[in-house]
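Heads up: the structure comes next, in structure tokens.
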Amino acid sequence: MKEVLRPLTSVLIRLLILRLLERETMYPYQILTKVRQVLKDHVTLSTFYTILYELEKRGYVEKYCINSSGRKYYRITDRGKQLLKEIRNSVELKLRLLEQLIYDTLHHSTGSTQQTL
């Protein structure tokens, strides 16, 4: 079961990181804590940092230091904001389809009648 849901969890983590950083800059441990709270799931450090570094490498988030303490913070980039905008524009249809698939209410047109799967 976990292996089936793992890709979905990975997508949710990416989306959640971007959404959190859209609201405010954060340091990694803050982000991880919020991700764990929201997903109510144990997200490992290695999974979290792999995803965070991937988002940074792709230019969706960037790392910076606020002061001489050396603490690294992350913020969303313009590219990350654009990605969130695109996701918001396309997600409504996908959510409806997902709901239909989960609750077995997907309808197929067969002539003038509809059948539930």
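Regarding L8, is this residue out of contact with any Phe, Trp or Tyr (no Cβ under 7 Å at 6 or more places or on another chain) and modelled with pLDDT under 95?
yes
Among (1) closer than 14 Å to L21 by Cβ; (2) at pLDDT below 85, where does T110 come up short?
All conditions are met except number (1).
The values are calculated or read from the model by the stated rules, or taken from the named source; none is laboratory data. Keep in mind that this is a model prediction, so the values were computed, not measured. Glycine gets a Cβ as well: all are built from the backbone with ideal geometry, and neighbour counts include every protein chain shown.
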